């Protein structure tokens, strides 16, 4: 398969309170006001008098939620530093399992052998849908499971075969180990579908979105929280890919998003997990296009 890289697909986000402090007093006040408007002092009170660092790695669908939570926490307490590293579900499992991260994010449930090997504990916190996406100028509006399987197997190679304009279909898929890929292939395609080696491989939801936006003949998939005006999410089996339809259970390509820790979380890691389940966390989850779950 062909690997695709973009300038905007960096997987590491280092978020520190100093990012606000270095912007001048007006920018600082504006940034802090924005954070405070979407977070409650009551929920953040658990971080008072705390200090230290939390390292988070894994699923890229989780990043918008993790980033909002991290910004709120660090704005309330400059003695806490939180790093967020992407890399996908596989990286999240490996890094938390090997002690390289405090929280490993996954876009699928852990496999029994992963739990046994690393003694991981999972915390499902949101429901996400995975949307089939095309270039915003593409006239395609819906695909059945059978049609999607024919496209992603390479059996259907030209948009004209689907009633569109003449043009070779360019496939974009996620890397092996991606939770987004696992969900899409298990719920959006027939079981016997084999992805051709000629498919372009991207390493994150963000990179997928950029690739599709730049290629008029592209088709791929992203978490519904990543859909915006730069690309077009199409219906699957006649159902639109949105939060409401996913919550109702009407949209078939859906999954849970998980935080995972090695053993029961302790200290700052436990406080972060608890904060994601707070009212603040629920708001961040909804703002990111997902559906919050109770602990």
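Neighbour counts of other C-beta atoms within 10 Å: give me 204, 139, 76 arranged from fewest to most.
The most exposed by this proxy come first: 139, 76, 204.
Please give the direction-averaged projected area of the C-alpha convex hull for region 96-137, in square nanometres with one decimal.
4.7
Using r as the Cβ-Cβ distance of residue 198 and residue 116, and R0 as 41 Å, what FRET efficiency do you calculate, to the nearest 0.05?
Working from the Cβ atoms, E equals 0.65.
What span do the alpha-carbon atoms of the chain cover on each of the three principal axes, reported in whole Å from largest to smallest?
The Cα atoms of the chain stretch 62, 48, 35 Å along their principal axes.
Could you check the spin-label model distance between residue 144 and residue 191? Points 7 Å from the Cα along Cα→Cβ, value in nm.
Label-label distance for residue 144 and residue 191, simple model: 2.0 nm.
Please give the calculated 222 nm ellipticity per residue for the chain, where each DSSP H segment of at least 4 residues contributes -39500 (n - 2.57) and the sum is spread over every residue; nearest 500 deg cm²/dmol?
Working: 12 runs with 106 residues, N = 295.
Roughly -10000 deg cm²/dmol at 222 nm, from the helical runs in the chain.
Of the residues 47, 125, 272, which exhibits the maximal mean-square fluctuation in a Gaussian network model of the chain defined by a 10 Å Cα contact cut-off?
Fluctuation is largest for 47.
Considering just Cα atoms, how many Å³ per residue does the convex hull of region 191-235 enclose?
For region 191-235, the hull spanned by Cα atoms encloses 107 Å³ per residue.
Given 4 °C and 1.567 mPa s, compute D for region 129-254 with the Stokes-Einstein relation, Rh being the Kirkwood radius over Cα pairs; round to the nearest whole µm²/s.
The Stokes-Einstein estimate is 91 µm²/s.
Can you classify region 104-161 as rounded, prolate or oblate using the Cα gyration tensor, where a ≥ b ≥ c are the square roots of its eigenvalues, rounded means a/c under 1.5, and otherwise it's prolate if a/b beats b/c and oblate if not?
The shape class here is prolate.
If you restrict to DSSP beta bridges whose two residues both lie in the chain, what percentage is antiparallel, to the nearest 5?
Close to 60 percent.
With a 10 Å cut-off between alpha carbons and a GNM built on the chain, which of 126, 155, 282 moves the most?
Residue with maximal mean-square fluctuation among 126, 155, 282: 155.
How big is D for region 218-268, in µm² s⁻¹ as a whole number, if Stokes-Einstein is applied with the Kirkwood radius of its Cα pairs at 10 °C and 1.306 mPa s?
119
Out of all DSSP beta bridges with both ends in region 129-254, state the antiparallel percent to the nearest 5.
About 60 percent, rounded to the nearest 5.
At a 10 Å Cβ-Cβ cut-off, how would you order 202, 130, 273, 156, fewest neighbours first?
The most exposed by this proxy come first: 156, 273, 202, 130.
If the elastic network links every pair of Cα atoms under 10 Å, which of 78, 112, 265 fluctuates the most in the Gaussian network model of the chain?
The residue that fluctuates most here is 112.
Can you tell me the FRET efficiency between residue 136 and residue 248 if r is taken as the Cβ-Cβ distance and R0 is 22 Å, rounded to the nearest 0.05?
The computed FRET efficiency comes out at 0.25.
Nearest 0.05, what FRET efficiency do residue 215 and residue 100 give at R0 = 35 Å with Cβ-Cβ as r?
For R0 = 35 Å, the calculated efficiency reads 0.55.
Within 10 Å of each residue's Cβ, count the other Cβ atoms and sort 94, 144, 85 from fewest upward.
By the 10 Å Cβ count, ascending, the order reads 144, 94, 85.
In nm, give the distance between the simple-model label positions of residue 42 and residue 270, each being 7 Å from the Cα along the Cα-to-Cβ direction.
Between residue 42 and residue 270, the label points sit 2.2 nm apart.
Coordinate-derived values only; no laboratory data. What you see is a predicted model; the values in this text were computed from it and never measured. Quick reminder, even Gly has a Cβ in these numbers, built from the backbone with ideal geometry, and neighbours come from all protein chains shown.
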